[in-house]
Amino acid sequence: MAELQYETLSFMEKEDDVVVTLLKLFKTSIPKAELAKIAGYKVEKNKIVFNLGQKKAEFRFSSLLNKHFEYLKNIITGNDGTYIHRNSGIPLIGNVAFGIVYRESSIIEIKPVTSCNLDCVYCSISEGISSKKNDFVVEEEYMVEELEKFLGWLDEDVEIHIGVQGEPFLYQDMSLLISDIQKMKRVHTISIDTNSTLLSKEKIDVLAKNSKLQVNMSLDAIDEKIAKNMAGVKNYNVKHVKDMIAYASEKLKVILAPVLVKGYNEKEIEEIIKYIKTLKKQPILGIQNFLQYKTGRSPGKEMSWDDFYTLLEKLEKKHDIKLKLQKEDFDIRKLKPLPKPFKEGDEVQAVIKSMDRFTNSVIAVSKDRNISVPGVRYQKDKKINVKIVRDKHNVFTGKVI
Ligand code: SF4
């Protein structure tokens, strides 16, 4: 008898299939007939029991799982998903949407998940419930191992910024990941951007055990109608978000980061200032000016930087509050470059390992780096020859030759 127990998976029987849920965010279905071919079995919540020896059951079930992980779907959006784990053959450097992104600065970005539960009108990456992109989720242990290796090579004191394409608390292992990074000696700060909707007092209490953590929380309006309109979803609960900001500010270092979008919330910025002034412990306010990105949504025109700073100055004086954050407010240093195994213009052979974010684009792997290759149909493990057309910061794009 083999008992296979998982922390990241749960199982549920549904008609002729067993539905497997990964990290509470993705699911796939395994036909019962395929499971029965392994041996007699029984599923429980996080467990599957086979009438077979442990080693054989582990091997056969993991092959079956890998096969059906090819058809992972995001539970929120129904989009395709890719699980990146130790044995996936997908490294964590080379793609801007997941893994480790190092821009030769003392702030290193890590991205364990993509996907968002909102649909903000100004989202710079068009993320959210209307997104049609492929999503990624990275195994927590793999992320930690690779980050440790990277920090060992870098040998510098750094900030780790969890800045995902989406909402980071959709990642079931986020608290675990933060507590693992907290233990890393070379990390002095862990910062994370969140829309705050998925936080609870209990979660904040757990997060508050990490002394290095700084949480950057969004709040774009106090008025419920404007807040819902900006978040792009009807169920956005501004009261909950305000409660979380108030609670987190007492327990953690919090930066409140509203995005000022012309025509939407100019007046609301003042209401946000008034609101944070009522809090027991006032978070730092870091207002951002909406900028139009090629990949982002377009809610209207940008506010000019002159108008933006004039508005901030006016509000600073009126409310006696610091709003213009300077570069010195952040500890950013330039650090050594990470060697590139190939550079722009090189021709390399690579193996297709996954779909990329956009349809008709794949991730091919060569020399421990991911290369985004547009215009290619996904065929797992197919070898292709590509010419590197972008290599900045070890984020690679290639063109099939
Ligand atoms: S919360 Fe962030 S990632 Fe999600 S839709 Fe809004 S801006 Fe985009």
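Bear in mind that the values in this text are calculations on the coordinates, not laboratory data. Please read these numbers as outputs of a predicted model, since none were measured by experiment. Please note: Cβ atoms are built from the backbone with ideal geometry, for glycine as well, and neighbour counts cover all protein chains shown.
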*Once the Cβ-Cβ distance between K277 and Q182 is put in as r, and R0 is 30 Å, what FRET efficiency do you end up with, to the nearest 0.05?*
0.45
*Work out, in µm²/s and without decimals, the Stokes-Einstein translational diffusion coefficient of the chain at 37 °C, 0.692 mPa s, Rh from Kirkwood over C-alpha pairs.*
143
*What is the Cα centroid distance between the range 344-401 and the range 1-76, reported in whole angstrom?*
31
*asked:* For a quick check, take a GNM of the chain with Cα springs below 10 Å and name the residue from H319, H85, H161 with the largest mean-square fluctuation.
replied: H319
*Can you give me the relative contact order of the range 2-71 as a percent, contacts being Cα pairs under 8 Å and 6 or more apart?*
34
*Pick out which of L92, L213, L199 has the largest mean-square fluctuation in a Gaussian network model of the chain, springs linking Cα atoms closer than 10 Å.*
L199
*Report ³J(HN,Hα) in whole Hz for each residue of the range 253-266, in order, from the Karplus equation J = 6.51 cos²θ - 1.76 cosθ + 1.60 where θ = phi - 60°; Gly and Pro get x.*
7, 10, 10, 8, 10, x, 9, 7, 10, 3, x, 10, 9, 4
*Report ³J(HN,Hα) in whole Hz for each residue of the range 38-44, in order, from the Karplus equation J = 6.51 cos²θ - 1.76 cosθ + 1.60 where θ = phi - 60°; Gly and Pro get x.*
5, 3, x, 9, 9, 9, 10
*Mind checking the full-extension length gain between R333 and D320? Use 0.36 nm per residue of separation minus the Cα-Cα distance, one decimal, nm.*
1.6 nm
*asked:* Can you compute the charge dipole magnitude of the range 91-237 about its Cα centre, using +1 on each Lys and Arg Cβ and -1 on each Asp and Glu Cβ, nothing else charged? Give it in debye, rounded to the nearest 20.
replied: 360
*Assign unit charges at the C-beta atoms only (+1 for Lys and Arg, -1 for Asp and Glu), then state the dipole size of the chain relative to its Cα centre in Debye, rounded to the nearest 20.*
460
*What FRET efficiency do you get for N360 and Q5 if R0 is 41 Å and r is their Cβ-Cβ distance, rounded to the nearest 0.05?*
0.60
*Out of residues 5 or more away from C123 or on other chains, whose amide H comes under 5 Å of its own, with H placed 1.01 Å from N in the peptide plane?*
R297
*For the chain, what does -39500 (n - 2.57) per DSSP helix run (n ≥ 4), summed and divided by total residues, give at 222 nm, in deg cm²/dmol to the nearest 500?*
-8000 deg cm²/dmol
*Antiparallel content of DSSP bridges confined to the range 88-329, in %, to 5*: 15
*asked:* For the chain, what does the relative contact order come out to in percent, with C-alpha contacts under 8 Å and a separation of six or more?
replied: 14
_Footprinting exposure proxy for F342, F290 (fewest neighbouring C-beta atoms within 10 Å first)_ = F342, F290
